[in-house]
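Contents: one structure, followed by commentary.
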Amino acid sequence: MKALELPEAHRQRYQEFQQALEQLAIAAKAGEPDGAKLAKSSEDLQQFFQLKILSLPSEDLAPSALPSVRSYQTEMHKQLRLLATDMMFVRASRQTATLEERLSQVRARLQTLIGYCEKLIIHN
């Protein structure tokens, strides 16, 4: 795969986003995670993505990197929307088995998002 050659400012934002995703993943693994706090963190992630990632100037990217970056951003946006839905189900879960199933889904979605960040960051 060809290197994406992201500018340093872009890489730093994706690293910050990845760290926030990792923190939420840790919180989702806690013994008895707080659904309300997880949902708030998920909302914060969506805001960060909207305000800090999608606002990165595309003019700073090499023309060859732009399609790949846009593709990753589209997938990340989709996963974040699905994560919000998952969080809604976590908050509504009353039975332990259902909660665990929903949290497993949340963790898997977070790992997907972390993987996207890693691919963007590492290919530099």
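The values are calculated or read from the model by the stated rules, or taken from the named source; none is laboratory data. These figures come from a predicted structure and were not determined experimentally. We place every Cβ from the backbone using ideal geometry, glycine too, and count neighbours over all the protein chains shown. For accessibility, only protein heavy atoms count, side chains too; no ligands or nucleic acids. Shrake-Rupley method; radii C 1.70, N 1.55, O 1.52, S 1.80 Å.
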Would you list SER68, SER104 from the most to the least accessible area, probe 1.4 Å? SER104, SER68
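Using the alpha carbon gyration tensor of the chain, what are the three equivalent-ellipsoid semi-axes (square root of 5 times each eigenvalue), largest first, in whole Å?
Computed over the chain, the values are 30, 12, 12 Å.
To the nearest 20 debye, what is the magnitude of the charge dipole of the range 66-123 about its Cα centre, counting +1 on the Cβ of each Lys and Arg and -1 on the Cβ of each Asp and Glu?
Here the size comes out at about 160 debye.
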How would LEU66, LEU110 line up by accessible area, probe 1.4 Å, largest first? LEU66, LEU110
By how many degrees, 0 to 90 and rounded to 10, does the Cα axis of helix 96-122 deviate from the longest principal axis of the chain? 10 degrees
Per DSSP H run of n ≥ 4, the term is -39500 (n - 2.57); total these for the chain, divide by its residue number, and report the mean residue ellipticity at 222 nm rounded to 500 deg cm²/dmol. -25000 deg cm²/dmol
